[in-house]
Amino acid sequence: MSKANETVKVDKELDMSNAGRSIWLVKVPKYMAKKWEKAPGNIELGKLKIARQVGHKTQMSLSLSDALINMDPLEKIPRHHRLEPSVVAKQTLGVFSHSVPTVATEPEAEQQVVGRIFQKLECRPYDDDCYMKMKLESIRRAAQPVRQTKSLEKIVNNFKPISDHKHNIEDKQRKKTEGKKCCSDKNAVQDVLFNAFEKHQYYNIKDLVRITRQPITYLKEILREVCDYNMKNPHKNMWELKKEYRHYK
């Protein structure tokens with residue numbers, strides 16, 4: 001059973017009623033696209049001019065509006081641009097529209113063909129003074145390093161310097177208290193081990209290092225002679241005397 005408030009969303013069939021409509025595909029510069037994205041919806045963006053003369057190639061130009069140019073006075077962009085067309089040959093390009101339902105209760109999504117692209121144009125600025133200044137400014141900004149060295153007028157203390165860290169001081173104090181571990185006689189170390197294993201049957205390596213006060217590498221050499229290392233539970237990673245040295249009651 002399905003819940004009553006659940007709706008099944010089914011897409012409609014593709015609407016092909018506008019498939020024969022011709023559409024222009026225009027490539028604009030990045031600076032123009034950014035301006036259009038920031039522009040409010042109540043201003044004029046520009047004017048398109050198409051000049052046709054018999055026996056001459058059609059001339060197309062785009063002039064941006066004053067409202068768009070003056071929207072950001074610190075960022076000057078070229079006003080006048082030319083549209084250079086190119087024929088769409090051996091290609092079939094179309095524009096599709098897909099609207100997503102804004103309300104959860106809407107069961108269907110609209111899909112339609114907006115039109116067919118028959119003309120591609122590229123919007124390019126004229127090489128005037130405004131365009132040259134804009135390019136020089138972009139080159140200057142690109143040449144600036146991300147990280148720069150700056151001279152400070154006064155000392156900036158982001159942290160308080162210390163001569164030594166706490167854990168280093170504690171480690172030095174511990175070594176000083178315990179003294180430097182040196183290798184004792186092998187037989188003496190074995191006697192200490194046997195006395196320890198009379199109290200407990202299993203030990204880990206840390207406890208044996210603490211009891212014998214021997215370097216871990218030297219201690220392991222002696223342990224391999226008189227002890228077995230358990231690889232399985234319940235006494236995994238622990239040492240136990242070999243059978244010939246066990247004298248448990």
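Values for this structure:
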{"quantity": "Carbon + sulfur, % of accessible area of the chain - ligands and nucleic acids excluded, 1.4 Å", "calculated": "53"}
{"quantity": "Interchain or long-range residues, amide H under 5 Å from Gly46's placed H", "calculated": "Ser65"}
{"quantity": "22 Å Cα-Cα threshold exceeded, pairs from Lys30/Lys133; Lys35/Lys90; Lys30/Lys120; Lys206/Lys242", "calculated": "Lys35/Lys90"}
{"quantity": "Dipole axis of region 42-101 (+1 Lys, Arg; -1 Asp, Glu on Cβ), positive-most option in Thr92, Leu64, Gly46", "calculated": "Thr92"}
{"quantity": "Antiparallel %, DSSP beta bridges [both residues in the chain], to 5", "calculated": "80"}
{"quantity": "Cα-only radius of gyration and Dmax that characterise the chain, units Å", "calculated": "41.7, 120"}
{"quantity": "Residue-normalised accessible area of the chain, given per residue in Å² at a 1.4 Å probe", "calculated": "82"}
{"quantity": "Length-normalised contact order of the chain in % [C-alpha pairs under 8 Å, at least 6 apart]", "calculated": "17"}
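The values are calculated or read from the model by the stated rules, or taken from the named source; none is laboratory data. Values in this document were obtained by computation on a predicted structure and should not be read as measured data. All Cβ positions, even for glycine, are placed from backbone atoms using ideal geometry, and neighbour counts span all protein chains on display. Note: areas computed on protein heavy atoms with side chains; ligands, DNA, RNA excluded. Shrake-Rupley method; radii C 1.70, N 1.55, O 1.52, S 1.80 Å.
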